[in-house]
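Visitor: A single structure is presented below for examination.
The values are calculated or read from the model by the stated rules, or taken from the named source; none is laboratory data. Please read these numbers as outputs of a predicted model, since none were measured by experiment. With ideal geometry, Cβ positions are generated from the backbone for all residues, glycine too; neighbour counts draw on all protein chains shown. We work out accessible area using only protein heavy atoms, side chains counted, and drop any ligands, DNA or RNA first. Shrake-Rupley method; radii C 1.70, N 1.55, O 1.52, S 1.80 Å.
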Amino acid sequence: AQSVTQPDIHITVSEGASLELRCNYSYGATPYLFWYVQSPGQGLQLLLKYFSGDTLVQGIKGFEAEFKRSQSSFNLRKPSVHWSDAAEYFCATLNNAGNMLTFGGGTRLMVKP
Amino acid sequence: DTAVSQTPKYLVTQMGNDKSIKCEQNLGHDTMYWYKQDSKKFLKIMFSYNNKELIINETVPNRFSPKSPDKAHLNLHINSLELGDSAVYFCASSQLTSLVGEQYFGPGTRLTVT
């Protein structure tokens, strides 16, 4: 079965610093991968997705992610974090039928002033 | 303008009661979902409906009964509520026939069972 793992439960960065959130997937073929963000008390917003082609994908809010097959990873990055980026971030993979998302456990990002 | 909406946003009720959560999407999608997010933020799918037909039922207790009167609506009825049902329930929708059917989520319904 497809699965994703987010090794870091909590991450704290200073405002203006760079950010990398880790996501590892488990799947033989090319997976469909997503990053979602959940701000406190809010629903989930799609940041970006990967399904084929260019392995570096750009998303909203200045985020990008790189698909690395050799490392089974799809890490999320941002060059300069803003206080408003403090939220819970979820990596997810879509099954072959395209009808079920499986989420990682989430990484809570805190931003220090 | 809201793409996926849920009502109510908060629901506080006592054990043993029956309650419903409603979901509507105006994106013209053919597939809708219910997810449960527990107190540790873990998100797991419960149900999925495609064109009003149930396609995924992830071993959810039969106290939970989804109903899809049309493609734009997916309601969740819960009978005999238990303490363990306390969670945030998210509705989502997608278009299965698109190349990659990313899912759009509602704002969530926080259910507290006392």
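Visitor: For the range B:15-23, indicate whether the set of residues that are surrounded by 16 or more Cβ atoms within 10 Å (Cβ to Cβ) and closer than 18 Å to B:Q95 by Cβ is non-empty.
Guide: Checked the range B:15-23: at least one residue is surrounded by 16 or more Cβ atoms within 10 Å (Cβ to Cβ) and closer than 18 Å to B:Q95 by Cβ.
Visitor: Filter the range B:65-103 down to the residues that are in a strand (DSSP E or B) and among the hydroxyl-bearing types (S, T, Y) and list them by number.
Guide: B:S65, B:S68, B:Y89, B:S93, B:S94
Visitor: What is the residue count in the range A:58-85 for residues that are touching a Lys or Arg at 6+ places or on another chain (Cβ under 9 Å), assigned to a strand (DSSP E or B) and crowded, with 20+ Cβ neighbours inside 10 Å?
Guide: Result for the range A:58-85: 4.
Visitor: Of (1) touching a Ser or Thr at 6+ places or on another chain (Cβ under 7 Å); (2) of a type in the set (V, I, T); (3) buried (at least 17 other Cβ atoms within 10 Å of the Cβ); (4) in contact (Cβ under 8 Å) with a residue 60 or more places away in the chain, B:V12 satisfies all except one. Which?
Guide: (3)
Visitor: Turning to a different aspect of this structure: Please indicate, with yes or no, whether at least one residue in the range B:95-104 is facing another protein chain (nearest Cβ under 9 Å) and either acidic (D, E) or within 10 Å of the chain's Cα centre (by Cα) (or both).
Guide: Yes: the range B:95-104 contains one or more residues that are facing another protein chain (nearest Cβ under 9 Å) and either acidic (D, E) or within 10 Å of the chain's Cα centre (by Cα) (or both).
Visitor: Take the residues in the range B:15-64 that are outside any strand (DSSP E or B) and hydrophobic (A, V, I, L, M, F, W, C); name whichever of them is nearest to the other protein chains (Cβ to nearest Cβ). If you could, list the steps in order and put the result at the bottom.
Guide: Residues of the range B:15-64 that are outside any strand (DSSP E or B), as a first pass: B:15-18, B:26-30, B:38-42, B:51-52, B:58-63.
Filter again for hydrophobic (A, V, I, L, M, F, W, C), leaving B:15, B:27, B:42, B:60.
On the way: B:M15: 25, B:L27: 13, B:F42: 6, B:V60: 14 Å.
That would be B:F42.
Visitor: Which one is nearest to the other protein chains (Cβ to nearest Cβ) among residues in the range A:39-57 that are small (G, A, S) and either surrounded by 13 or more Cβ atoms within 10 Å (Cβ to Cβ) or part of a strand (DSSP E or B) (or both)?
Guide: A:G43
Visitor: Is it the case, given these coordinates, that A:Y36 is of a type outside the set (A, V, I, L, M), modelled with pLDDT of 95 or more and surrounded by 15 or more Cβ atoms within 10 Å (Cβ to Cβ)?
Guide: The answer is yes for A:Y36.
Visitor: Now a separate question. With respect to A:E88, determine if the residue is closer than 28 Å to B:V4 by Cα, open to solvent by 10 Å² or more (accessible area, probe 1.4 Å), assigned to a strand (DSSP E or B) and of a type in the set (D, E).
Guide: Criteria met by A:E88.
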